[in-house]
Each structure stands twice: as structure tokens, then as C-alpha cells.
Amino acid sequence: MTLVKPKTPQTISGGAKPLFTGNDWDFDTIRRIHDACEVEAGALGLSWYPNQIEIITAEQMLDAYASIGMPLFYKHWSFGKHFAQHEAGYRRGLMGLAYEIVINSDPCISYVMEENTATMQTLVIAHAAFGHNHFFKNNYLFKQWTDAEGILDYLDFAKGFITRCEERYGHQAVEQVLDAAHALMSQGVHRYPRKKRPDLASEQRRERERIEHGEQIYNDLWRTLPSKTGAVRADLAAERRRALLELPQENILYFLEKVAPRLRPWQREILRIVRLVAQYFYPQRQTKVMNEGCATYTHYRIMNALSEKGLIGEAAYLEFLQSHTNVIRQPNYDERGYGGHNPYAIGFAMMQDIARIVENPTAEDHQWFPEIAGTGDAMGTLRDIWANYRDESFIAQFLSPKLMREMRLFHVVDDPDESELRVEAIHDERGYRKMRRSFARQYDVAWLDPDIEVVDVDLEGDRRLILHHKALNRITLQKDDAKRVLQHLADLWGYDVVLKEVEPATGTVVGEHHASARPIFF
């Protein structure tokens, strides 16, 4: 079932009559729930894309899991593998399913399970259709990097293009390209804003234009073969070569798409598809805590407002509280089920703490947060934060000493050169600042992702591709993983590839990896 609702706030009539009784619901119930949540979201000052609510089965939810939550996506063997793993765990009771999946698109699509009770439908609509929706529409990273209006049309184009490629060139040939592109997906994004955000809606119209332009660049760059005398042509001097190839280049998929000498046009288009999908998800990797914190805080406020107005009964409110408490629970580090920091718990706790600082600050809050302490407008402050920060900067700016004490955070250093662990920070002013910096760094993709760049191509010799990995603190890549990924890169490039691990401060090479192309694509 599809329910599309406009973003204009509605009014609720009928006084304090509950929106539903019991667990059962129908489509009219969903509409009433949506309208009631919409009123409360408007009262919070939120703005959102029009909502499209899709009711799906548990099996469809599993399928959405497998294809990274996208409604229209090309086929790949890895999605089927993930589906089988998730289904086996679900059937055996070893895992649960998300109550919803939400898509950053215009209209914003929220998938909710038909097995949900009426209370859970209310919760997930408040959480996804208004909380996540507001964050997608207003956060600066999503504004810079994503095209909410064009993503669905582009995914439809991508699915159709890959299907046509499979029919024309064979399933195995297409799968080999997708395997290699997926292996390089994390190195297939632009980390800094470019001149123009991708216009996904026009991608299918520009397919032929891109192919023709790419062939022209390819001919200009590769038509000159190394001379027998070894003479270097002036137009292939080092500086001009790097300028022509836009080197150094951090987006490896972009580089291969543009200048890989042996790829055919359809293979380049597949690389472009994978690259644009990776870029679409790039903001979500940087805003997990904030996005879930925004949505959880939003659903908490909306559900409480509905309860206060009598629109949901006591039984429904208790059901909501039980689910909400489970979602925001943070296991201790020594518990069996501990898997790191729960982004729901961290995000929600920080949103509540910021509201407290704004409305009821302590002397400590005034010292640490003079810009927002006591200003009185909690939602205005939160909306500004949701719009202008990402996880790393959000935690570095707004994690308070009070919350660090309540969550009993501590910083331990595990130095391989020392026989014992070392407590690096305690609960004093200096320790709070050090702990906050360290915690924020765990969400900084620039710190977590390997910094790898294409630095040169040996055009006068064997056309070997040369990459550098900046090994911060002399931390090198895991050898087996590097070998496998580098092999995919060499296959796409068509010639040998060398990856040098370089210590940034001194330029010292601390490791080196090699791969030779296999004749599987050509």
C-alpha cells in the first residue's frame, strides 16, 4: 500500500478521541496517525519532504536490507547472499527486523512493516516520516551531496541500464565489473564539495553525451604510444600529464571511469552508477548519530504530545515506552552483547542534554556552552544543530561533561609497545576535553577511511598506475585486504598497479603492494 501525503500541516478534529484502539489498524488508521504526527511535527518547527508511506511484509523488509535499503536497485549476487543470511537469522529468532526503512528522496519514502501494531506504526511514522525526513531535507551534507528529487529516477535508469548490459554482454561480464566497482566503493567518493552537485534526473539523458566526451578524452590522452627512442613528448611532461589526468585524485572510481585505457563505454557507465550510489550514501556515513538522534528525539516529542492530548491511550503509550527504551539502551562494555556505542543512545542523550542546557543550565553549562546555555529556545537550537553539523563536529562541540559522567565514558590507550593499558583521561576539565576529542574522532571519516590517492601514471613506460596511501601514525593497510582490493583495481585499469604506503611527515615508504591485471574484462 502506498500513502502519499502533502507537507502542509493538517488539523485534527474530534477532540481527544484516540486515533486507534487495540493493535489492529487499516489504511484509514494510518492516515489519521500521519495527520496527527504532522500537526505535532509542525509545532516543533520541522520542515519535510512530502511523505510516501509504503506498507511491506517481513520478507520485503529482508529484501530491502539486502539491497542497502533502496527501492529500485540493480541485481548483484551479494544482495542475495545478504538476504539469505538475514532470513536465516530472522527465521531462527537470532535477529529482529527494523520497524522501518526510510529513503532520502522527494517524496520521502518510509517503508513500514505490516506486522507492526498500530502503536508501532505511529512510532515509526513519527520517527521516519518526520524525524529522518526533516534531517534529510535540512542537513548541509545532504544538501551538498544528494539529489533527493532525482534519486528514484536515476536508480530506475541504473537498474534498466545494467539489465540491458547483462542481456547484451552476458551476466558474468557485468558481474565482474560490479564486483570490482563494489570493492572500490569506499574509495569512490568526492570528499570535498565540487562545483556542481550531481543532477541525477538528467543522467540518463546525458548517457550518450558522456560516452562521446569520454572517448574524445581517451583518444587525446592515450593515442601517443611510447617512442622506441624513449624520447619524451612535450605534451606528456610530468606536470601536464598530471594536470590532464587531474592528479592527485582521491576518487579512484571517478579516475577509472574517465581515463582507464581499456574499459569499454558500458563498463565506464557501470563505474559511474556505482560511484554515484556511493556518493549518495556518503552523508549518511557521516551523520549516523545525528540522524538517529534527531529522529529518536522527534518521535519521543511527538509520541508524548499525542499522549498528553489523549490521541493515544495508556496501553499504547506503555508499548511505545518499552520499544523506545530498548532502542536507546546502551550496553556496558563488559556485557556479552556489547557492540560499540549505540548511535540511538548517544544521539538521543545528546539531544535531550542540549535541550536541558538551553532551558535549564547549570554553572558548568554556562562555562562550557556560553553560546546556547539559557537561551530558552530548545527546538530552535536543535534545528540549527541538525542543519549545520555532522557527527564528528557535533560530538566535538556539544558533548557535555555532565553526559560524559552519566554515561561513564573513559579513554583507554592500548599501545602495542606497552605491556599494560593506560587510562588517558579522567573526569576533570582537561580530561573532559581530551575525551571529547577522542570520542569525536571515532566518527571522523577522514580519520577512519584510508587516505589513498592516484598520484601518477607511467605513460612513457608500462602504463603502471601509482597510488599512495598516507599511513598516519605509521598505520598500514591490512595486507590480505589490500591485495584483494588492489587486484580489482588492476583489473579495471588493465595494467599493473602499485600502491605505496607513505609516512606523511617524512615521505618515507613504509610498505608497498603490487597487482597485475587479469584478462577478464577485455
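The values are calculated or read from the model by the stated rules, or taken from the named source; none is laboratory data. Values in this document were obtained by computation on a predicted structure and should not be read as measured data. Note: ideal-geometry Cβ built from the backbone for every residue, glycine included; neighbour counts use all protein chains shown.
Somewhere in region 298-313, is a residue at negative phi, in the same structural domain as ARG32 (by TED's automatic domain parsing), under 22 Å from the mean Cα position of the chain (by Cα) and surrounded by 15 or more Cβ atoms within 10 Å (Cβ to Cβ)? There is at least one residue in region 298-313 that is at negative phi, in the same structural domain as ARG32 (by TED's automatic domain parsing), under 22 Å from the mean Cα position of the chain (by Cα) and surrounded by 15 or more Cβ atoms within 10 Å (Cβ to Cβ).
Restrict the check to region 266-281 and report whether at least one residue is part of a helix (DSSP H, G or I), among the hydrophobic types (A, V, I, L, M, F, W, C), outside the structural domain of ASP462 (by TED's automatic domain parsing) and within 30 Å of ILE354 (Cα to Cα). There is at least one residue in region 266-281 that is part of a helix (DSSP H, G or I), among the hydrophobic types (A, V, I, L, M, F, W, C), outside the structural domain of ASP462 (by TED's automatic domain parsing) and within 30 Å of ILE354 (Cα to Cα). Among the residues of region 159-171, is there at least one that is buried (at least 19 other Cβ atoms within 10 Å of the Cβ) and touching a strand residue (DSSP E or B) at 6+ places or on another chain (Cβ under 9 Å)? No - not one qualifying residue is present in region 159-171. Among the numbered conditions (1) in contact with a helix residue (DSSP H, G or I) (Cβ under 6 Å, 6 or more places away or on another chain); (2) surrounded by 18 or more Cβ atoms within 10 Å (Cβ to Cβ), the only one that ALA345 does not meet is (1). None of GLN322, GLN279, GLN286, GLN352 is out of contact with any strand residue (DSSP E or B) (no Cβ under 7 Å at 6 or more places or on another chain), of a type outside the set (A, V, I, L, M), exposed (fewer than 15 other Cβ atoms within 10 Å of the Cβ) and at negative phi except GLN322. Report, by residue number, each residue of region 19-61 that is within 16 Å of HIS127 (Cβ to Cβ) and hydroxyl-bearing (Ser, Thr, Tyr). TYR49 - this is the single residue of region 19-61 that is within 16 Å of HIS127 (Cβ to Cβ) and hydroxyl-bearing (Ser, Thr, Tyr). Taking helices (runs of 4 or more DSSP H) as the structural unit, those lying wholly within region 156-258 and holding at least 2 residues that are in contact with a helix residue (DSSP H, G or I) (Cβ under 9 Å, 6 or more places away or on another chain) and at pLDDT 80 or above correspond to 171-183. For TYR389, are the conditions met, namely being free of Cβ contacts under 8 Å to residues at least 40 places away in the same chain and aromatic (Phe, Trp, Tyr)? Judged against the criteria, TYR389 is not a match.
Scoring MET290 on the criteria (1) part of a loop (DSSP other than H, G, I, E, B); (2) within 26 Å of the chain's Cα centre (by Cα) leaves a single failure, condition (1). Confirm whether THR325 is in a helix (DSSP H, G or I) and either over 30 Å from TRP25 (Cβ atoms) or of a type in the set (Ser, Thr, Tyr) (or both). Judged against the criteria, THR325 is a match.
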